[in-house]
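In what follows, a single structure is set out as structure tokens and then discussed.
Nothing in this text is a laboratory measurement; each read-out follows from the coordinates by a stated rule. These numbers come from a predicted model, not from an experiment. Every residue, glycine as well, gets a Cβ built from its backbone with ideal geometry; the counts of neighbours run over all protein chains shown.
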Amino acid sequence: MSLKKKPGRLIAFEGIDGAGKSTQVRLFEEYLDNRGIESLFLREPTNGRWGKKIRSLLEEKDGKISPEDAFRLFTMDRRENVKKNILPALGSGRMVVLDRYYFSSIAYQGALGIDPGLIRSSNESFAPKPDLVFLLEITPRKGLRRIEEGRGKRTTLYEKSGYLAKVKRIFRSMKDPCIRRINASRPVDEVREKIIAEFEKIS
Ligand code: TYD
């Protein structure tokens, strides 16, 4: 029997803005905690130097970031996250849970005209493929309503209905076997149960 430690699992949550991703990530974190499963939770854009730059550009009122610059910045942010956080944790057998990953780049930067195939291949050249991706599906209209109710403030550059409809279309076209589509317009508890049931199938 090999003494080599089994590499940890990689799980990502994806979906358009307002799908309830962050709530579900938090509930999943609680579930893993209760089961005593050690895990590392990360979000993209990160809180590192590139991630902070991205957030401030997206929040600018006249939002001027070009699709090419966005693609470049999100990729640099992810490269750093993969090298510094994701690979070391997986290597030591920990589970890693991501709030957004490169599927967001394919969908969001793809919806702005960058070739989705190019975004995928450049990311897959350095970013490990997840074991599971929970794709939370909701209509842009419902998602935007949630954001406005929840935050009580205006939406950012990428949170516009026509744009999110394109993002959603690209998410829907993805055929990766690791993707589990979850109806995110259902009540929070029901969505949580679905996610846990899918997770338990692979663990
Ligand atoms: P997120 O942190 O999920 O939003 P919130 O501020 O609600 O927590 O992501 C910020 C925005 O960045 C979101 O609109 C999606 C976008 N995004 C991309 O366009 N490409 C990417 O690769 C990633 C990770 C996010």
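Nothing charged except the Cβ atoms of Lys and Arg (+1) and of Asp and Glu (-1): what's the magnitude of the dipole of the chain about its Cα centre? Round to the nearest 20 debye. The partial results should precede the final answer.
Details: 42 positive and 28 negative charges, 39 e Å.
Magnitude of the dipole: close to 180 debye.
The chymotrypsin sites (Phe, Trp or Tyr not before Pro) of the stretch 1-86 include none that DSSP puts in a loop with a beta carbon having at most 16 other beta carbons within 10 Å.
Taking only Cα atoms, what is the 0 to 90° angle, nearest 10, from helix 188-202's long axis to the longest principal axis of the chain? So the inclination is approximately 40 degrees.
When the trypsin sites (Lys or Arg not before Pro) in the stretch 100-188 are filtered for DSSP coil states and for at most 11 other beta-carbon atoms within 10 Å of their beta-carbon, the remaining sites are Lys153, Arg154, Lys175. Taking only the C-alpha atoms of the stretch 1-123, the Rg (one decimal) and the largest Cα-Cα distance, Dmax (whole number), read 15.9, 60 Å. The GluC sites (Glu not before Pro) found in the stretch 3-46 that occupy coil by DSSP, while having at most 16 further C-beta atoms within 10 Å, are Glu38. Using the Karplus relation 6.51 cos²θ - 1.76 cosθ + 1.60 with θ = phi - 60°, the per-residue 3J(HN,Hα) values for the stretch 132-146 come to 9, 10, 8, 9, 7, 9, 8, 7, x, 4, 5, x, 5, 4, 4 Hz, with x marking Gly and Pro. Cα centroid separation, the stretch 127-203 to the stretch 97-122: 14 Å. Both the radius of gyration and Dmax for the stretch 10-202 are 16.0, 46 Å, in that order, over alpha-carbon atoms.
Across the alpha-carbon set of the stretch 103-203, the Rg to Rh ratio works out to 0.99, Rh being the Kirkwood radius. Taking amide H as placed 1.01 Å from N in the peptide plane, Phe41 has its amide H under 5 Å from the amide H of Val97, each at least 5 places away in sequence or on another chain. Rounded to the nearest whole Hz, the Karplus-based 3J(HN,Hα) values (6.51 cos²θ - 1.76 cosθ + 1.60, θ = phi - 60°) of the stretch 74-81 follow the sequence 4, 5, 5, 4, 5, 4, 5, 5, with x at glycine and proline. Amide hydrogen proximity for Arg94: with H placed 1.01 Å from N in the peptide plane, the residues at 5 or more positions away or on another chain lying under 5 Å are Gly8. Taking a point 7 Å out from the Cα of Leu58 in the direction of its Cβ, the residues of the stretch 109-133 whose backbone N falls within less than 17 Å of it are 109-114.
Residues whose amide H falls under 5 Å from that of Ala12, counting only those 5 or more places apart or on a different chain, are Leu98, Leu132, Val133, Phe134, with hydrogens built in the peptide plane. The mean sequence distance of close C-alpha pairs (under 8 Å, at least 6 residues apart), as a share of the length of the chain, puts its relative contact order at 33 percent.
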